[in-house]
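Chemist: My questions all concern the structure below.
The values are calculated or read from the model by the stated rules, or taken from the named source; none is laboratory data. Predicted model, so just to flag it, every value in this text is computed and none were measured. To get the accessible areas, we keep the full protein, side chains included, count just its heavy atoms, and leave off ligands, DNA and RNA. Shrake-Rupley method; radii C 1.70, N 1.55, O 1.52, S 1.80 Å.
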Amino acid sequence: MSAEQEYLTKEKFKELEKELENLKTVKRKEVADVLEYAKSLGDFSENQEYQEARDNQAILEDRVSRLEAILKSAKIVSSKSTDVVFIGSVVTVEKEGEKSRKSYIMVGSEEADAANGKISMYSPLGLAIMGKMKGEIFSFQTPNGMMSYKIIDIK
């Protein structure tokens, strides 16, 4: 388990707390009931239902542990400064050689969702843009080669 600091918005923190509570109460009971039923079927060595129930229990407990670790190390962030790119910033960038602009929200790894414009601070773009200011040009390595962008706006 990583002891790395996790950066979360207040909304994501509450969402993860709610998921953890659901896993610990509702889902644990469901898995325990299925496990109990599977045990009643007899011989464990050839009992597929029992093996599946144990696997589901392991997956559930792994997620509970992961959520507890994330919430324990979480730092709640909200964008205050619009001078420098940080977690929570909405950054508008323009790719070098193109005129189209894209806006991204900088988030921690747990909230990343590129399809919805939420970029992890640990992604290649996130690592390159963090701490930069409006007007700066920055570059980073991608599988398709070096990319250069200019920061147009920070909100």
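Chemist: What number, rounded to the nearest 500 deg cm²/dmol, is the helix-based mean residue ellipticity at 222 nm of the chain, given -39500 (n - 2.57) per DSSP H run of at least four residues and division by all its residues?
Modeler: Rounded to the nearest 500, the figure is -12000 deg cm²/dmol.
Chemist: Determine ³J(HN,Hα), in whole Hz, for all residues of segment 49-65 in sequence, where each value follows from phi through the Karplus function 6.51 cos²θ - 1.76 cosθ + 1.60 and θ = phi - 60°; x replaces Gly and Pro.
Modeler: 4, 5, 4, 5, 5, 5, 4, 5, 5, 5, 4, 4, 5, 5, 5, 4, 4
Chemist: Convert 25 °C to kelvin, take the viscosity as 0.890 mPa s, use the Kirkwood radius over C-alpha pairs of segment 1-59 as Rh, and evaluate the Stokes-Einstein diffusion coefficient in µm²/s, rounded to a whole number.
Modeler: Once the numbers are plugged in, D ends up at 180 µm²/s.
Chemist: From the backbone phi of segment 107-118, what are the Karplus-calculated ³J(HN,Hα) couplings (6.51 cos²θ - 1.76 cosθ + 1.60, θ = phi - 60°) in whole Hz, Gly and Pro given as x?
Modeler: 9, x, 4, 6, 9, 4, 7, 4, 4, 10, x, 9
Chemist: Sticking with this one: Quick check for you: with a 1.4 Å probe and neighbouring chains kept, what is the accessible area per residue of segment 41-155, in Å²?
Modeler: Each residue of segment 41-155 exposes 60 Å² on average to a 1.4 Å probe.
Chemist: Here's another thing I want to ask about it. Residues with amide H under 5 Å of Ile152's amide H, sequence separation 5 or more or different chain, H placed in the peptide plane at 1.01 Å from N; which?
Modeler: The answer is Thr92, Val93, Glu94, Gly135.
Chemist: Over the Cα atoms of the chain, Rg to Rh with Kirkwood Rh, two decimal places?
Modeler: Expressed as Rg/Rh, it is 1.18.
Chemist: Of the heavy-atom accessible surface of segment 78-155 (probe 1.4 angstrom), what whole percent is carbon and sulfur?
Modeler: 53
Chemist: If the reach is capped at under 24 angstrom between alpha carbons, list the lysines near Lys95, excluding any in the same chain fewer than eight residues apart.
Modeler: Leaving aside lysines fewer than 8 places away in the same chain, those within reach of Lys95 are Lys118, Lys132, Lys134, Lys150, Lys155.
Chemist: Let me ask something else about it. To check you understand DSSP bridge types, tell me what percent of the beta bridges within the chain (both residues inside) are antiparallel, rounded to 5.
Modeler: Given both bridge residues lie in the chain, the antiparallel proportion sits at roughly 75 percent.
Chemist: Moving on to the next point. If you rank Tyr149, Tyr122, Tyr37 by how much accessible surface each has, with a 1.4 Å probe, what is the order from largest down?
Modeler: Reading off the accessible areas and sorting them downward yields Tyr37, Tyr122, Tyr149.
Chemist: What are the ³J(HN,Hα) couplings of segment 20-32, residue after residue, when phi is run through the Karplus curve with 6.51, -1.76, 1.60 and θ = phi - 60°? Round to Hz, x for glycine and proline.
Modeler: Couplings: 4, 4, 5, 5, 6, 9, 5, 5, 4, 5, 4, 5, 4 Hz.
Chemist: Hey, another quick one. From the protein chains alone at 1.4 Å, what is the descending order of accessible area for Lys12, Lys18, largest first?
Modeler: Descending order: Lys18, Lys12.
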